[in-house]
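Below: the structure, in C-alpha cells.
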Amino acid sequence: MPFRHAGDKNFWLDIFRGLKRLGHELRIVSVMVEDVPDDGLPIHRVPPIPIHFRPDQRMNVTHNHLAGTNNYVSKTVSLPRLIRAVRRVRSEFRPDVIHFVENYGPAMLALRAAFPRIPMSISAPTYQPNRPLYDLFLEASFASFDTIVPFSDAYQRRLMELRYRPDRVRMIRWGIDTERFSPPTGVQREAARKELGLSADALVSFWTGFIQQTTEDDFLAAVKTANLVLDRGGSKFAFLFCLKPEHFKESFRASERPGLRVFGSAEAFHAARLAADVFLSPIQDARSTAAPPLAWLEALAMGIPILTTNIPGSEEAVVDGVSGLRVGSPEAASERLLELASNGGQLQRLREGARQVAVDRYSVDRSLAEYLELWSSLANGPRGRAHPRKSVNPSDAPDAQ
C-alpha cells in the first residue's frame, strides 16, 4: 500500500508486477494526489487530505499541492481514509497478509484493532531521528505489525539497539531491475555528452535531488566540492546538478559557473546520468541511516560509482574502493575526484565494481523472493509473529552493541 504522489515508486511497481507474473493475487490501496496509469495493476486510489501547516522548503510554489501531503500531519489525518478503503477492498478480497510500504506515524497504533486477525508487515527504508521523541514515535508506529522490514543491515542493527524483538525484524534490501538499468554503450554516452555540450575527455559528475534523505545542505555540500575541484582542475571537469521539477528553484542557478550547471527537468537528468562518470551524492546528516536511496542503486547498476559521505548504511551500497568512495568532507571529496581524473584504471575498476554490487545485492528479483518467503511464513502460521502488545521487550532483546 504505497503512499505515492505519482507513479514514482518503481521498486514496488516491479514487485507488484512480479507477484502477478508468478500467479499471486493482490490488491493495492495507494494514497495518491493524482490519478496515474495503473499499467494493468489493481490499484485503488485514495486521495490524501492536504495539510499546509508550514512551508516545505524542498518544494517550489508551483508544486504546493504536493507539499501539503508530504508530511506526517497529512498522513495522520489521511490514515482513516486508507483504513476505510482497505476495509472496502476486504469485502471482496480476503488477504493473507497486509503490507504497508509507508510509515504513517503513531496513529498506526489503531491498525491492529482495525485488522485483528490478519498478519501485517511494514517496510522501514530510512532511520532519520531529526525530531524530538523520534524513537518513541517509531515504536508506536510499528507496534501493530508482526514483522518490520528494514532495508539495510545498519537499520536492522539500530532496531536491535533500540531493543526490538529479533523475531519481529527481517532485513530485506530493496532493489532495481538490473537488466533495465545497465551500463550505457559508448554511443549512448557520447550522444548524451554531445546533447549537454560536454567534451569527450572531461570527468563528469552528476548530483540529483532531492532524493531520499537529501536536503539543501547536501546540495550545498556538493556545490562546495564542485567549486573546490573547478578551482584547481578547470576544464578537465564538469558538474551537472539535476533537480526534479517540483524541487527546482531559479535561485539554484546562482551556483552556476563554467563547468557547473543546474537543471530542472527529467530529460536533463536522464542525459546527465548517461554522460556521468561519478554520482556525487553527499548526505550531511550523520544521524541518518542510509536506505540507500533508490537513485544510488540505479546508478550502480548503470556502472556509475558513487562518491558519498560515510554515514551508517552507506557502506552497504558504496563499498569503498569497489563500487565508489566514501569521505568525510567536501574537501576530501574534491581530492578523490582529482585523483580519479588522473587514474583512468581506477575509474574503470569502480565502474565494474558498481555494476557487480548492484547485481549481487540489489536485484529486484532477489527482493521479490525474500518478500514472498516472509509473507508466506506470516500467512501459514504464528511462527515469527510477535504479540502486538510486545512491540519492544527489553527483557529478551540483545544488549546494544
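Note on residue 20: lysines with a C-alpha under 20 Å away, same-chain residues under 8 apart excluded, are 9. Orientation-averaged projection of segment 72-176 equals 7.5 nm² [convex hull of Cα atoms, one quarter of hull surface area]. Projecting the Cα atoms of 268, 24, 307 onto the dipole axis of the chain, where Lys and Arg carry +1 and Asp and Glu carry -1 at the beta carbon, places 24 farthest toward the positive end.
With the biggest extent put first, the Cα atoms of segment 162-243 measure 55, 33, 20 Å across the principal axes. Counting alpha carbon pairs within less than 8 Å and at least 6 residues apart, what relative contact order, in whole percent, applies to the chain? So the answer I get is 18 percent.
Taking the longest Cα principal axis of the chain as reference, the axis of helix 266-275 is set at about 60 degrees. Build a GNM of the chain with springs between Cα atoms under 10 Å apart, and of 372, 337, 297 the one that fluctuates most is 372. Taking the chain as a Gaussian network of alpha-carbon nodes connected by springs under 10 Å, the highest mean-square fluctuation of the residues 148, 49, 176 belongs to 49.
Cut-off 10 angstrom, C-alpha nodes, Gaussian network model of the chain. Which of 374, 133, 198 fluctuates the most? Result: 133 has the largest fluctuation of those listed. At the residue level, residue 205 shows approximately 0 square angstrom of accessible surface with a 1.4 angstrom probe and all protein chains present. Over the chain, with a single point scatterer placed on each C-alpha, what log10 of the ratio I(q)/I(0) does the Debye formula yield at q = 0.06, 0.07, 0.11, 0.13 1/Å? Result of the Debye calculation: -0.25, -0.34, -0.84, -1.16. In terms of its C-alpha gyration tensor, segment 215-342 comes out rounded, because the ratio a/c of the largest to the smallest axis stays below 1.5. Annotation: lysines with alpha-carbon distance below 19 angstrom to residue 194 (same-chain offsets under eight excluded): 236.
Take residue 375: with every protein chain present and a 1.4 Å probe, its accessible area is about 40 Å².
Please arrange 115, 269 by accessible surface area, largest first, computed with a 1.4 Å probe and ligands excluded.
269, 115
Give the shape of segment 309-374 as rounded, prolate or oblate, defined through the alpha-carbon gyration tensor: a ≥ b ≥ c are the square roots of its eigenvalues, a/c under 1.5 means rounded, and otherwise the shape is prolate if a/b is larger than b/c and oblate if not. Verdict is oblate for segment 309-374.
Rg of the Cα atoms in segment 89-140, relative to 2.2 N^0.38 Å, amounts to 1.34. Solvent-accessible surface (1.4 Å probe) assigned to residue 139 amounts to roughly 70 Å². The C-alpha atoms of the chain define a longest principal axis, and helix 330-341 lies at about 60 degrees to it.
Where Lys and Arg each count +1 and Asp and Glu each count -1, what net charge lies around residue 177 among other residues with Cβ under 13 Å from its Cβ?
Values: positive: 17, 21, 180, 366; negative: 14, 179, 298, 365.
Computed value for this residue: 0.
The values are calculated or read from the model by the stated rules, or taken from the named source; none is laboratory data. Just so we're clear, the structure is a prediction, and the values are computed from it rather than from any experiment. Please note: Cβ atoms are built from the backbone with ideal geometry, for glycine as well, and neighbour counts cover all protein chains shown. Protein only, heavy atoms only, side chains kept; ligands, DNA and RNA dropped before computing areas. Shrake-Rupley method; radii C 1.70, N 1.55, O 1.52, S 1.80 Å.
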